[in-house]
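Quick notes on the structure that follows.
The values are calculated or read from the model by the stated rules, or taken from the named source; none is laboratory data. Given the structure is predicted, the values throughout are model-derived calculations rather than measurements. Virtual Cβ from ideal backbone geometry, glycine too; neighbours counted across all protein chains shown.
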Amino acid sequence: MGMIISPFSIFKSTIADLPKADLSSKNWEQIAAEAWNPGWKQAALEYHHTRGNNVPIVQTPPEDLARLRRLMSDGVSLERAWAELNDARNRPTPGATIEAVMHAVRERGLAALKEPMTAERLERCDAAAKTEIERRIADLQKD
C-alpha cells in the first residue's frame, strides 16, 4: 500500500521552510526595517502607483469617519466604543423589517399598523425607513 501524506505534514514542512525573523537584537526599528525591505515597501509603492489619485474602493462618509476617529481617542474605553458601534440605533433599519411591515399592511390593511408585532417593528424603524413605509403605503392607497 502507498504512503498516505497528511495535508498537515505538508503544512508543517512549509512552515519550517519559511524564513525566521532575527529577534535577538530586540531593536524594533531594525526588525521593522528588515520586514519592510524590499518586499513590503515595493508592494506598497506598486499599489499606490497603480491607484494613482483614485479614492479608496469604499469611501467612508465624513460624519462616519469623524465618529470613528472620536471612538478611537484615548478617552473612550473599548467597551464604550464597542457598545456604540453595535447599538442597533446607530444602524439603518434592515430591509426585512420594512418588508415585514409592508406585508402586514398588504395582507390586513392599515389596521395591521396597530397590531403589537407591527407596532414594535415600526418603533425600531429609523426616520428613513418610516419615510419609505409611508411612501409605499401612499402608493398602495393610490392603486
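Okay, residues lined up against (1) closer than 30 Å to E63 by Cα; (2) in the same structural domain as E63 (by TED's automatic domain parsing); (3) out of contact with any Leu (no Cβ under 9 Å at 6 or more places or on another chain); (4) of a type in the set (K, R):
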site	(1), (2), (3), (4)
R108	no, no, yes, yes
E115	no, no, yes, no
T118	no, no, yes, no
R121	yes, no, yes, yes
R135	yes, no, yes, yes
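Could you tell me whether any residue of segment 67-83 is over 21 Å from the mean Cα position of the chain (by Cα), assigned to a helix (DSSP H, G or I) and not small (G, A, S)?
no
Conditions first: (1) more than 27 Å from D143 (Cβ to Cβ); (2) part of a loop (DSSP other than H, G, I, E, B). R89 passes all but one, so which condition is the exception?
Failed condition: (2).
Considering segment 43-98 alone, what residues qualify as being among the acidic types (D, E) and under 29 Å from A127 (Cβ atoms)?
Scanning segment 43-98 gives E63, D64, E79, E84, D87.
If you check every pair at least six apart or on different chains, which have Cβ atoms under 6 Å apart with a residue in segment 102-114 that is closer than 15 Å to R135 by Cβ first and a residue that is of a type in the set (D, E, K, R) and assigned to a helix (DSSP H, G or I) second?
What qualifies is M102/R136.
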